[in-house]
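In what follows, a structure is listed as structure tokens, so that the remarks can point back to it.
The values are calculated or read from the model by the stated rules, or taken from the named source; none is laboratory data. Bear in mind the structure is a predicted one, so any value in this text is a computation, not a measurement. Using ideal geometry, Cβ is built from the backbone for each residue, glycine included, and neighbour counts are taken over all protein chains shown.
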Amino acid sequence: MKLYEFGPSRAIRVRWTLQELGVDFDTTIVNLMAGEHRSPEFLKINPAGKLPAFIDGDLVLTESVAIVLYLAEKYSERGLIPEDLGERAEFFRWLLFTTTELEQPLWRISRHMSIYPADMRLPADIALARGDFAAMGRVLEEHMSGRQFLAGNSVTVADFVLAYTLDWAMMLNLLDGLPHLDQYLQRMYARPRAPPRIKDIVAKIRGGRDIARMAEIP
Ligand SMILES: N[C@@H](CCC(=O)N[C@@H](CS)C(=O)NCC(=O)O)C(=O)O
């Protein structure tokens with residue numbers, strides 16, 4: 001298996017899953033800052049020009065959530081996806097809540113803060129997206145009250161997706177006043193096989209360290 005990744009990207013969701021499973025995998029760094037995701041070679045792997053990408057034998061897969069679901073199914077005996085139909089429904093519910101209601105506002109904020117060319121950025125959308133995240137963050141805060149995990153009573157790949165997404169939110173100071181989410185985030189990243197925090201990866205990149213080594217952490 002091979003993971004195409006870079007620093008603090010959504011590839012962390014896949015790395016987290018692979019590390020928790022304890023399976024061997026190779027890694028290829030695609031340097032987003034150097035535009036390597038738009039190279040003809042990488043576009044053959046992911047025509048969307050985005051990370052992560054993942055290869056397992058003949059299977060070439062993109063979309064971080066599709067990849068972690070594939071891994072959860074491949075190693076179903078590890079229990080990272082619920083077996084029971086009702087529990088599975090809850091699992092999908094909160095997984096989709098994470099990627100639609102939480103991730104999308106974060107993506108809008110990041111794009112308008114730094115990813116779009118300066119003359120295309122809309123500060124007004126940053127304010128709207130912050131409001132959208134805050135409203136949905138309160139819904140999740142209520143859901144997580146008294147819970148250890150996003151769905152069911154044991155860790156699933158939905159937790160790896162959510163914890164990374166909340167770490168992203170923390171980078172944007174969006175977890176203030178959401179203590180259950182903050183505690184959950186700390187708990188998840190305290191797991192022995194958790195990946196590094198986004199802030200630590202970014203600090204190393206900004207510190208001018210060899211970016212190709214990012215994937216070797218921890
Ligand atoms: N829905 C996709 C989003 C992938 C995505 O946007 N990845 C970012 C890095 S986190 C990327 O590669 N951006 C490069 C670009 O959009 O040009 C997923 O979850 O895999």
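The residue pairs whose first member lies in the range 101-129 and is within 24 Å of V139 (Cβ to Cβ), whose second member is near the ligand (Cβ under 10 Å from one of its atoms) and of a type in the set (K, R), and whose beta carbons are closer than 9 Å, counting only pairs six or more residues apart or on different chains, are E103/R10; D125/R111. Taken over the range 24-43, the criterion of being in a helix (DSSP H, G or I), of a type in the set (A, V, I, L, M) and touching a residue at least 24 places away in the same chain (Cβ under 8 Å) is satisfied by L32, M33.
This table checks each residue for (1) within 12 Å of the ligand (Cβ to nearest atom); (2) closer than 30 Å to G131 by Cβ; (3) assigned to a helix (DSSP H, G or I).
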position: Y4; (1), (2), (3): yes, no, no
position: E20; (1), (2), (3): no, no, yes
position: L71; (1), (2), (3): no, no, yes
position: P82; (1), (2), (3): no, no, no
position: R88; (1), (2), (3): no, no, yes
position: Q104; (1), (2), (3): yes, yes, yes
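Applying the condition of being within 19 Å of the chain's Cα centre (by Cα) and either within 16 Å of the ligand (Cβ to nearest atom) or among the hydroxyl-bearing types (S, T, Y) (or both) to the range 114-149 and asking which residue is modelled with the highest pLDDT yields A129. Within the range 31-56, being within 9 Å of the ligand (Cβ to nearest atom) and either among the hydroxyl-bearing types (S, T, Y) or under 23 Å from Y164 (Cβ atoms) (or both) holds for L32, H37, N46, A48, G49, K50, L51, P52, A53.
Mind listing just one residue for me: the one in the range 152-165 that is part of a helix (DSSP H, G or I) and touching a residue at least 40 places away in the same chain (Cβ under 8 Å) and, of those, nearest to L69 (Cα to Cα)? Among residues in the range 152-165 that are part of a helix (DSSP H, G or I) and touching a residue at least 40 places away in the same chain (Cβ under 8 Å), the one nearest to L69 (Cα to Cα) is V157.
Against the conditions (1) touching a helix residue (DSSP H, G or I) at 6+ places or on another chain (Cβ under 7 Å); (2) away from the ligand (no atom under 12 Å from the Cβ); (3) assigned by TED's automatic domain parsing to the domain that holds D167, V60 satisfies every one except (3). When the range 141-151 is filtered for residues that are charged (D, E, K, R) and part of a helix (DSSP H, G or I), the ones remaining, listed by number, are E141, E142.
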